[in-house]
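**Q** Would you mind keeping the following structure in view while I ask a few things?
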Amino acid sequence: MICNFKEVSNVSSKDFEQAMSIYLDTIAAEERQSLDVIKKRIAANGERMFVGRSEYEVVLVALIFPHKHTRFVLLDYLATKRAYRNQGLGSIFVKIIFQITQIKNKTFIFEPDDPRYGCDREEKTRRLEFYRRNGAKEMKSVTYVLPPLQGEFSSQMIVMLISPQKQTTYCLTGQTVKKLFRQIYIELYSRAKNDYLLKTFIDLVPPKVELV
C-alpha cells in the first residue's frame, strides 16, 4: 500500500474529519483532547496535524505540539486506522518524522503508557517497544503522570525522546526535565504552574536524567 504523508491545516476538510475518526476510535477517552480544543489549536497554528493517506482515505494521523522557546516538540498523538495496522506505517512516519514535518534541530518527545500500570498491558508493551525500535530513548528513573483530559483518571506514562543526531547514550539535567514537564502541563494540558498532580512527581526528578 502506498502511503503519502501531508499536513492538514483545514479543520473543515474531509482529511481532518477522517483523521478525527481514527483519533476517537484509537485513543482512550481520558488521554485525548476534545475535538474543539484540537480545532482551535490547529486554526491558531499552536498544533500541527499530519496524516498518511492511501489512495482512498486517511490511514494514519499524528498531532505535533511544538513547545515555545525550547528545542522540544511533543508527538501528542500517533495512531493508525485499525484495518491498516501491522503494515509498518507508524514506523515509516517516525523514521522520517524530521523530513515530513520539516522540523530541524529539535528533539521529539513521546508519552507512551507505562505497561506496568492499568489494563491492556500487552498493548502498552507493544507500543513502548515500537518507539524503542524506531530509535527513541527512555528517561531513566523518572515518574510522569498524564493528567485526565476527560473524566477523573490520570495515566502513568513513560517519557521518551528522539533527536536527529540519534545519540546512543546521553543525559539531560534535572532542571531541564522539570522545566519541560511544567511547560507540557501548562501549554498542552492547560494546567496551573503549581498543579497538584504535577507536584506529586516533579520533585522526584533526579539531578541528572539518563536516556537509555
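No value in this document is a laboratory result; all are computed from the given coordinates. Everything numeric here is computed off the predicted structure, so don't read it as measured data. Please note: Cβ atoms are built from the backbone with ideal geometry, for glycine as well, and neighbour counts cover all protein chains shown.
**Q** When you check residue 92 against the structure, is it in contact (Cβ under 8 Å) with a residue 12 or more places away in the chain and more than 22 Å from residue 157 (Cα to Cα), yes or no?
**A** Working: in contact (Cβ under 8 Å) with a residue 12 or more places away in the chain: yes; more than 22 Å from residue 157 (Cα to Cα): yes.
In short, yes.
To keep it simple, each residue is scored yes or no on (1) surrounded by 18 or more Cβ atoms within 10 Å (Cβ to Cβ); (2) part of a helix (DSSP H, G or I); (3) touching a strand residue (DSSP E or B) at 6+ places or on another chain (Cβ under 9 Å).
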| residue | (1), (2), (3) |
| --- | --- |
| 17 | no, yes, yes |
| 42 | yes, yes, yes |
| 49 | yes, no, yes |
| 68 | no, no, no |
| 87 | no, no, yes |
| 91 | no, yes, no |
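**Q** Still on this structure, I have one more. What is the number of the single condition among (1) over 25 Å from residue 17 (Cβ atoms); (2) hydrophobic (A, V, I, L, M, F, W, C); (3) assigned to a helix (DSSP H, G or I) that residue 100 does not meet?
**A** (1)
**Q** To continue, here is another question. Being assigned to a loop (DSSP other than H, G, I, E, B), among the small types (Gly, Ala, Ser) and in contact with a Lys or Arg (Cβ under 9 Å, 6 or more places away or on another chain) is the requirement here; does residue 135 meet it?
**A** yes
**Q** From the residues in segment 101-143 that are aliphatic (A, V, I, L, M) and within 18 Å of residue 88 (Cα to Cα), which one is surrounded by the fewest Cβ atoms within 10 Å (Cβ to Cβ)?
**A** 128
**Q** Next up: Which ones in segment 164-188 are within 27 Å of residue 123 (Cβ to Cβ), part of a loop (DSSP other than H, G, I, E, B) and in contact with a strand residue (DSSP E or B) (Cβ under 8 Å, 6 or more places away or on another chain)?
**A** The answer is none; no residue qualifies.
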